[in-house]
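See below for the structure under consideration.
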Ligand SMILES: Cc1cc2nc3c(=O)[nH]c(=O)nc-3n(C[C@H](O)[C@H](O)[C@H](O)COP(=O)(O)OP(=O)(O)OC[C@H]3O[C@@H](n4cnc5c(N)ncnc54)[C@H](O)[C@@H]3O)c2cc1C
């Protein structure tokens, strides 16, 4: 009855070899991390034959390395495990909160941020948070590794820049400078177990005078891919991220959104709410930045 | 107030007899049965909301390896033309997206799926009728070309299957006397019952024509007669064995594929299993009616209602039979009104046939009335509970639907609400509060029970009501009270259609009342036999023996020196005193007491996103007598959550072709646990004189009031009313923006 093959290679090299061989033979492969998207989709949407390549036990995809310049976070670490890491939580509270929004306690025992990004849904909750933190996606290829900025990774609904013989190892995220804070908020009609109708992430850095020197704003569920909204960031840089500036950033997000009307929300509703979320996330990010100024 | 009764078992909260099996995952639900050599049946469903079937070609499916049969309505008795038979497999037209029109049986579910894809169907697509407005307009597209309103041969074909009208007094005069009048229209969307367990059955047949069906249902005897009807068999050809049931709420009172599984089994000679997936449950099983309700109420300055009218249109789905009748009968039920007029319309649309859902028909019409009463309270500047007390129905009031109310508990519930700390505590600026009243008739109907006493005195109850809400525990408690033996020595079993006497479905909140009555009477039968055997042992007259605290004792004044005989003592010697002890009762229960409730919702609103959060919810309800208070509270809480879901986010999203776009629990948003506050419950007990312990049904009333209570809370906070449900974030935000 089984309509799939399954392998769980033990090294990155072996994984790449398996992927390469299958690709050469014209066999469909699919990377399996937590499986919280893969298994659901295989059961309900498309059950055509494939080889599952399980990467969740590789050393590299489970690594967390906190270094002076960069922090590396493995692609396959379950959200529940990430959220037990106090150091990561202090560095990127917004990103970890985004991971903590995924599903329920049970889902978080498996769901990874790598899987969330590679699933490439417009509504993936961790993607805007990765983008505002300038995360670089570290991709394993036969030539070694290559990196892609997270805002360039997703190319369309359910599509991304990975080739069939590649996979994501993890994220290299610059260590936030003093006075930096991030936040992510999404809107769902319920309290959990739902898909974002709109989402917004903000990261900003304040100098000693409280002036915003750097900002990144990203919005989700309001366009075919999560968007980096530079006009919203520009509205914040040079200000104290006060009410007015946050309102302008909010307006920039509403303007940048290209939402559709579907069962989860209308164009008008999403446009409006994504701005509200940007403003509220911006205020949280600012508070965090203020308390991080040393 | 109710008299204080001195019960030993009734009113306690023991663990249910079926609890261990259920929490350890051992209980067998509908999809758990597998038989040797069993096939899997699947149904082909219409991709169109409305189309003529020009041709169905099953040959390619039948030719597939692993396929044992492929059938359509042509394989069923053609002389049976009921709506039920045409809902189970479409005849000449498909009437909603998801309407079944063919079925296959195959070795595996996957082969069955693949076979469905090979069935060729040619359709002539017709425009769908999707709203009450479209269906009721002149020259509307017809869902059924030969349907005439109220079967009147002289009227033209119409989508209005039936009308109702009843009145009392003179509404023109009543409105003329009114100082204030409220007139509003309200729309309530369809809501699904949302039971967690999908429909499932296994059918097997023997060459002699005998059939056995295992299925998840609220009513095995109703499944038997419905299946017999569609297949033109006699009921005695069919045995139905109910599984444990994972929720029904009215939605498992009808059959969808049991007759199909039987037919497939007859054609293949093998057992056939059919299980719906969640999408099929949403697309093809009955939701509650979407409705349009127009209400007008007039009152004097002191709050006394002088007149009221209701115009109620209910979507029936693709076949006649919406609950507009009970909707009409319940709309004014809580009030003593001299002048009223109620008109109702049962309207066909190209959507699945509606099914019962907890208090079928009442949540929609009473949402309208309870919102109108709230508006009246605003206009009169009266407390909403005082206004209701001023008009409340009580013992002796002639109910709008005819009978004179026996003792009922509405006034007691309203008074308890006024005293309740949750009501006495006023809300802050950011919180809105809304009050509403709920009501349901409740029903009696037929039940049977047998009570068997084992040789050690253990008690075994056999009855026919599938246990949805803890009814086995209630049966055991009533038996414990009646017999005077410990609860732990009693077990209750739900029989099949051949192992227990006839029993109507678990529905209409009748089980604890009617089947409970049968259990009590069967226990009384056992007691009578025990007394006779004690009398025989003691060489006394039966009249000289009493039954007290679970023992036979000589009556006071009877001069004999003997030890009392317990049930266990009598059981031990029963082979010598006349054989097994077996009590029986069967009845058609009369006098199901009406059940009233008062609920209030406290909400906050995020004015930038339109999200309504329920911060507190209080339910006060008359249970007559709470046999097992925890399960009464469970009904009150479950109904409240379903009502709140209906008020807030639940709705079917149809596209212009009549296709439901949110046929999953992800996008059909029932509340999740973290959405809900604790539902505070207070049980009021105004005993029902028609039951030995005073029981009223409690299962349905709880869903009625939360709709209007929530609407009224939103009105309280926003300062203006949103008439239509659901109060979902986009709808609320649009209303706030429009009001700015
Ligand atoms: C009940 C439930 C609730 C959910 N709630 C949310 C929610 O609130 N928010 C949200 O955003 N998502 C939600 N999801 C979706 C899902 O849980 C997340 O997207 C999750 O992050 C996926 O991670 P995973 O490890 O399970 O990925 P998998 O399912 O294993 O993989 C997801 C996709 O990414 C690919 N992939 C995974 N890892 C790699 C890799 N290292 N390299 C290359 N490709 C890879 C897979 O091939 C697949 O296409 C929910 C899912 C369920 C079942």
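Could you compute the FRET efficiency for residue B:151 and residue A:27, with r as their C-beta to C-beta distance and R0 at 56 Å, rounded to 0.05?
Once rounded, the FRET efficiency stands at 0.30.
Taking 0.36 nm per residue of separation and subtracting the Cα-Cα distance, what length does fully extending residue B:28 through residue B:426 add?
138.5 nm
How would you rank B:76-88, B:43-55, A:111-123, highest first, on the average number of other Cβ atoms within 10 Å across their residues?
By packing density, highest mean first, the sequence is A:111-123, B:43-55, B:76-88.
Quick one: of the DSSP bridges fully inside the protein assembly as shown, what percent are antiparallel, nearest 5?
Counting only bridges with both partners in the protein assembly as shown, antiparallel ones make up about 80 percent.
What average number of partner chain Cβ atoms lie no more than 10 Å from the Cβ of the residues making up A:185-191? All intermediate terms of the calculation are to be shown ahead of the outcome.
Numbers: counts 0, 0, 6, 3, 14, 10, 8.
Per residue, the number of nearby Cβ atoms from other chains is 6 on average.
Quick one: helix A:12-24 against the long Cα principal axis of chain A, what's the angle to the nearest 10°, folded into 0 to 90?
That helix lies at roughly 70 degrees to the long axis.
Tell me whether chain B comes out rounded, prolate or oblate; compute the Cα gyration tensor, take square roots of the eigenvalues as a ≥ b ≥ c, and use a/c under 1.5 as the rounded threshold.
Oblate shape, in that a/c is at least 1.5 and b/c is the bigger or equal ratio.
Along Cα→Cβ, 7 Å out, is where each label goes; now give me the distance between the ones at residue A:63 and residue B:588 in nm to one decimal.
For residue A:63 paired with residue B:588, the spin-label model returns 8.1 nm.
Shielding by partners for B:730-736, please: the mean number of other protein chain Cβ atoms within 10 Å of each residue's Cβ.
So the per-residue partner count for this stretch is 3.
What distance in nm lies between label points placed 7 Å from Cα along the C-beta direction at residue B:301 and residue A:86?
If labels sit at residue B:301 and residue A:86, their model points lie 7.0 nm apart.
How many angstrom separate the Cα center of region A:106-144 from the Cα center of region B:493-530?
Using only Cα atoms to place each centre, the spacing works out to 59 Å.
Got the relative contact order for chain B handy, in percent, Cα pairs under 8 Å and 6 or more residues apart?
Averaging sequence separation for qualifying contacts and normalising by length gives 15 percent for chain B.
Could you calculate the contour length gain from residue B:165 to residue B:379, that is, 0.36 nm times the residue separation minus the distance between their Cα atoms, to one decimal place in nm?
Details: separation 214, 0.36 × 214 = 77.04 nm, distance 2.90 nm.
Between residue B:165 and residue B:379, full extension yields 74.1 nm more.
Assuming a ≥ b ≥ c are the square roots of the Cα gyration tensor eigenvalues, decide whether region B:69-177 counts as rounded (a/c under 1.5), prolate (otherwise, with a/b larger than b/c) or oblate.
Cα axes put region B:69-177 in the prolate bin.
Quote the FRET efficiency, to the nearest 0.05, computed for residue A:43 versus residue B:55 with a Förster distance R0 of 51 Å and r equal to the Cβ-Cβ distance.
0.95
Picking from A:72, A:92, A:42, which is most flexible by a Gaussian network model of chain A using Cα springs under 10 Å?
Comparing A:72, A:92, A:42 in the GNM, the peak value goes to A:42.
For the protein assembly as shown, report the % of Cα-Cα distances exceeding 46 Å. Intermediate values should be presented prior to the final figure.
Values: 217466 of 534061 pairs.
In whole percent, the share of Cα-Cα pairs in the protein assembly as shown beyond 46 Å is 41.
Compute the normalised compactness of region B:444-589: alpha-carbon radius of gyration over 2.2 N^0.38 Å, N being the residue count. Mind dumping the intermediate values first?
Details: Rg = 15.7 Å, N = 146, 2.2 N^0.38 = 14.6 Å.
It is 1.08.
Can you give the mean number of other chain Cβ atoms that lie within 10 Å of the Cβ atoms in peptide B:665-675?
4
State, to one decimal in nm², a quarter of the convex hull surface area for the C-alpha atoms of region B:637-678, i.e. the direction-averaged projected area.
One quarter of the hull surface, i.e. the mean projection, equals 3.2 nm².
Choose one answer from A:223, A:129, A:249: the residue with the largest mean-square fluctuation in a GNM of chain A with alpha-carbon springs under 10 Å.
A:223
Alpha carbon centre of region B:30-89 versus region A:232-250: separation in Å?
Rounded to whole Å, the Cα centres lie 62 Å apart.
What whole-number distance in Å separates the alpha-carbon centres of region B:410-467 and region B:103-176?
35 Å
Take the Cβ-Cβ distance between residue B:82 and residue B:678 as r, set R0 to 51 Å, and report the resulting FRET efficiency rounded to the nearest 0.05.
0.65
Given contacts defined as C-alpha pairs under 8 Å and at least six residues apart, what's the relative contact order of region B:444-589, whole-number percent?
36 percent
Taking the mean number of other Cβ atoms within 10 Å as a proxy for protection, how do you rank B:535-544, B:684-693, B:606-615 from highest to lowest?
Highest-to-lowest ranking by the protection proxy: B:684-693, B:606-615, B:535-544.
Only the coordinates and a few stated rules stand behind these numbers; no lab work does. Predicted model, so just to flag it, every value in this text is computed and none were measured. Counting neighbours? That spans all protein chains shown, and the Cβs are built from the backbone with ideal geometry, glycine included.
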